[in-house]
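The values are calculated or read from the model by the stated rules, or taken from the named source; none is laboratory data. Source: prediction; values computed, not measured. Cβ atoms come from the backbone with ideal geometry, glycine included; neighbour counts cover every protein chain shown.
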Amino acid sequence: KCNRFSHSLEPCCDTLTMKISATYSHQFTLDPNTPHKSLRLSESNRVVTGTKTDHSYPDHPDRFDFWHQVLCSESVCGRCYWELEWREGEHGVRISVSYKSISRKGQSKAYLFGCNDQSWSLHCNPPRYLFRHNNKVTDLPVESISSRIGVYVDHSAGTLSFYSVSDTMSLIHTVQTTFTQPLYPGFLVSRGSRLQVVGVLVSEGCVALFIQ
């Protein structure tokens, strides 16, 4: 059953500053069958941390076995906006959306988020910030961004936008494309980095996270 809201997500496209209010609901979760063994999940699978040692996760066909990546359990549909907080480690983080069909096994760089035609990725590795898709890299002209990032997706319109969120919202990068499959939030988390999904607001016809 889909949740319905009186608040429209149109301002996500029309302005870089907005107030969001929403109903509390279930939390978005990281899929425990997907993280590389160097990634530690915590807080009911809402936080992922890159560690120096491997964890004793069971083998699973959905698990990333080389790259330090993880996918969320829930897909993004319709118009959806969510926020996350990140902390830099050795090589930063990649904040991504991906088709579920992305390859999980092997060392090929083509399996990294943003290095194939199945995923889109914001790479935060201060002082450098990059957008990646299909192994094409866009160097973003930003000096720094907040530790809180907002992500907006309009699946049917093919819109993906990233925002730096503080007292106001500043657009980091936006892309117009065509999505042919459901999208799953995904993250690459380097050693010492930490990432937490804060919450999601969705439009009618979609169930996901909510701002908390």
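Which is of a type in the set (Gly, Ala, Ser) and under 19 Å from residue 195 (Cα atoms), of 170, 147, 156?
Only one candidate qualifies: 147.
If a residue has to be in contact with a Phe, Trp or Tyr (Cβ under 7 Å, 6 or more places away or on another chain) and either free of Cβ contacts under 8 Å to residues at least 12 places away in the same chain or within 19 Å of residue 134 (Cβ to Cβ) (or both) to count, how many in segment 77-101 make the cut?
6
Considering only residues of segment 67-108 that are modelled with pLDDT of 95 or more and among the charged types (D, E, K, R), which is surrounded by the fewest Cβ atoms within 10 Å (Cβ to Cβ)?
The extreme case among them is 105.
So the check is Cβ under 8 Å with 6+ separation or different chains; which pairs have a first residue in segment 46-66 that's on the phi > 0 side of the Ramachandran plot and at pLDDT below 95 and a second one that's part of a loop (DSSP other than H, G, I, E, B) and polar (S, T, N, Q)?
none
Out of 113, 162, 179, which single residue is at pLDDT 95 or above, surrounded by 21 or more Cβ atoms within 10 Å (Cβ to Cβ) and not in a strand (DSSP E or B)?
Being at pLDDT 95 or above, surrounded by 21 or more Cβ atoms within 10 Å (Cβ to Cβ) and not in a strand (DSSP E or B) holds for just one of 113, 162, 179, which is 113.
Whether any residue in segment 125-148 is in contact (Cβ under 8 Å) with a residue 40 or more places away in the chain and in a loop (DSSP other than H, G, I, E, B) is what I want to check.
Yes, segment 125-148 contains at least one residue that is in contact (Cβ under 8 Å) with a residue 40 or more places away in the chain and in a loop (DSSP other than H, G, I, E, B).
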